[in-house]
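Each remark here refers to the structure printed beneath this line.
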Amino acid sequence: MKNLPGAIALAALLAASAGAAAAGGAPGGLRAYDTPGDGGESVTIEWRSDADALITILRSTSADGDFQPAGETIASEGVYLDYAVEGDTGAQYYYKLFMVVGADTLLTAAVGPVRPRGNWFRAYRTNALVLFGLMFVLVVYYVEAAKKGRKLYIRKIPGLNAIDEAVGRATEMGKKMLYIPGILSLSEIQTIASLSILGYVAKLSAVYGADLEVPNIDPLTFSAARENVKQAYLEAGKPDQFREDMVTYITYDQFAYAAAVTGKMVRERPATNFLIGAFFAEALILAETGQSTGAIQIAGTSYVTQLPFFVTTCDYTLLGEELFAASAYLSREPTLLGSIKAQDITKAILIAAIMSGIVLLAFGLDVVRPLLTAR
């Protein structure tokens, strides 16, 4: 936004008020109103004009007060949003338009007053409300269906299907399994999802009699992981096989932790490595070391920057939301299953809508895009 210097603006106003002649492209139909659906932070000014000249929006707090430049735009745009206003304070605003066309200066009459205020409902987001309502109905429906025993199909996730094979291999070889739950604390949702998978892995290790070790970088994750593994062994009916040293705390330093874990990989050469959770620069160090020892590696993270490292060095990788869907996939708990199924149906509806919109747009029918546009 560029403000006119005070002297130039004053001269322009004097020239216009002295009786400037009308010219082609003169703005007409000027109106100003509170922008609908916002929080009271803007006023919308509209007019009609086909001129390509620069137009200045002038603003004042009284009809006969001192009008100051509020902004500039091209006259043919026909609309301007003034965000330099105070909403819900009782302040009122008047607007004029100033434009120079050739040798003529044009100044419209003032319109107003306009009092910007916050709105409870944003009509332009109705599509989001409808989508939310649809997903809510689907969640309730599929959760109830799952509780009644209906089998809900969820596509297979190769990385999770390979867990049984990986645990079985470690049992047959008589070697250890390493489970690394990321390097962040319980405040990270990926860590919580990883601990859910850890419970399943620990239960399998108890059933098969495999040796499991869970090295941790965070004290809170360490405590939660130990209780998780202990509970898994209890549910498997083998609480006597649980040992406190299965879940260990190493250090809070990122690369000291990576060095300690890779040292374990090289010395003990575990049969299976699980790298599931939030990882950063140490991801490639851990995964590449594990790959060099010949271990089966199952990894998973939602960080896009680390996924390429896992994909290239691990046998199976949980991509993004597959990590978060793991608890539902492994436990088959009705509430989780119903939620995942509802999300999948909603995504399918959106994909179908987008594809139909592309096809219709190819034939010149722009009817779907406005329905999906969100601001």
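The values are calculated or read from the model by the stated rules, or taken from the named source; none is laboratory data. Treat the numbers as computed from the prediction; the structure is a model and nothing was measured. Here Cβ is always computed from backbone atoms with ideal geometry, including for glycine, and neighbour counts include all displayed protein chains.
Scan the range 319-353 residue by residue and report those that are free of Cβ contacts under 8 Å to residues at least 40 places away in the same chain, in contact with a helix residue (DSSP H, G or I) (Cβ under 7 Å, 6 or more places away or on another chain) and over 20 Å from Gly159 (Cβ atoms).
Answer for the range 319-353, where residues must be free of Cβ contacts under 8 Å to residues at least 40 places away in the same chain, in contact with a helix residue (DSSP H, G or I) (Cβ under 7 Å, 6 or more places away or on another chain) and over 20 Å from Gly159 (Cβ atoms): just Ala353.
Listed here are the residues, each with its yes/no results for (1) more than 31 Å from the chain's Cα centre (by Cα); (2) at pLDDT 80 or above; (3) closer than 30 Å to Asp344 by Cβ.
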position: Ala75; (1), (2), (3): yes, yes, no
position: Val79; (1), (2), (3): yes, yes, no
position: Arg117; (1), (2), (3): no, yes, no
position: Thr126; (1), (2), (3): no, yes, yes
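Does at least one position in the range 96-112 carry a residue that is assigned to a loop (DSSP other than H, G, I, E, B), surrounded by 12 or more Cβ atoms within 10 Å (Cβ to Cβ) and not assigned by TED's automatic domain parsing to the domain that holds Ser196?
Filtering the range 96-112 down to residues assigned to a loop (DSSP other than H, G, I, E, B) leaves 102-103, 108-110.
Right, trim to surrounded by 12 or more Cβ atoms within 10 Å (Cβ to Cβ) and you get 108, 110.
Going one step further and asking which of them are not assigned by TED's automatic domain parsing to the domain that holds Ser196, we end up with 108, 110.
Among the residues of the range 96-112, at least one is assigned to a loop (DSSP other than H, G, I, E, B), surrounded by 12 or more Cβ atoms within 10 Å (Cβ to Cβ) and not assigned by TED's automatic domain parsing to the domain that holds Ser196, which makes the answer yes.
With the checklist (1) free of Cβ contacts under 8 Å to residues at least 12 places away in the same chain; (2) within 24 Å of Arg122 (Cβ to Cβ) in hand, flag the one item Asp66 doesn't pass.
(2)
What is the residue count in the range 225-282 for residues that are among the aromatic types (Phe, Trp, Tyr) and either without any contact (Cβ under 8 Å) to a residue 60 or more places away in the chain or surrounded by fewer than 14 Cβ atoms within 10 Å (Cβ to Cβ) (or both)? It would help to see each step written out before you state the result.
Residues of the range 225-282 that are among the aromatic types (Phe, Trp, Tyr), as a first pass: 233, 242, 249, 252, 255, 257, 274, 279-280.
Add one more test, that the residue is either without any contact (Cβ under 8 Å) to a residue 60 or more places away in the chain or surrounded by fewer than 14 Cβ atoms within 10 Å (Cβ to Cβ) (or both), and what stays is 233, 242, 249, 252, 255.
Residues flagged as among the aromatic types (Phe, Trp, Tyr) and either without any contact (Cβ under 8 Å) to a residue 60 or more places away in the chain or surrounded by fewer than 14 Cβ atoms within 10 Å (Cβ to Cβ) (or both) within the range 225-282 amount to 5.
Return yes when Gly71 is in the same structural domain as Arg31 (by TED's automatic domain parsing), modelled with pLDDT under 80 and more than 12 Å from Pro27 (Cα to Cα) and no when it is not.
Answer is no for this residue.
Considering only the range 56-84, state which residues are farther than 20 Å from Thr35 by Cβ and among the acidic types (Asp, Glu).
Of everything in the range 56-84, those that are farther than 20 Å from Thr35 by Cβ and among the acidic types (Asp, Glu) turn out to be Asp64, Asp66.
Can you work out which of the residues in the range 86-98 that are of a type outside the set (Ser, Thr, Tyr) and in contact with a Gly (Cβ under 8 Å, 6 or more places away or on another chain) is nearest to Tyr33 (Cα to Cα)?
Gln92
List the number of the failed condition for Ala145; all other conditions in (1) assigned by TED's automatic domain parsing to the domain that holds Gly209; (2) touching a helix residue (DSSP H, G or I) at 6+ places or on another chain (Cβ under 8 Å) hold.
(1)
Can you spot a residue in the range 318-340 that is part of a strand (DSSP E or B) and assigned by TED's automatic domain parsing to the domain that holds Leu275?
yes
Per-residue answers, yes or no, for (1) touching an Asp or Glu at 6+ places or on another chain (Cβ under 9 Å); (2) among the acidic types (Asp, Glu); (3) crowded, with 24+ Cβ neighbours inside 10 Å:
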{"site": "Met173", "(1), (2), (3)": "no, no, no"}
{"site": "Leu184", "(1), (2), (3)": "yes, no, no"}
{"site": "Ser187", "(1), (2), (3)": "no, no, no"}
{"site": "Val201", "(1), (2), (3)": "no, no, yes"}
{"site": "Ala206", "(1), (2), (3)": "yes, no, no"}
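Determine which member of the set Leu81, Leu58 is crowded, with 19+ Cβ neighbours inside 10 Å and either assigned to a strand (DSSP E or B) or basic (Lys, Arg) (or both).
Leu58
Which condition breaks for Gly294 when tested against (1) part of a helix (DSSP H, G or I); (2) closer than 20 Å to Met177 by Cβ?
(1)
So Arg369 clears everything in (1) touching a Gly at 6+ places or on another chain (Cβ under 9 Å); (2) surrounded by 19 or more Cβ atoms within 10 Å (Cβ to Cβ) except one condition, right? Which one?
(2)
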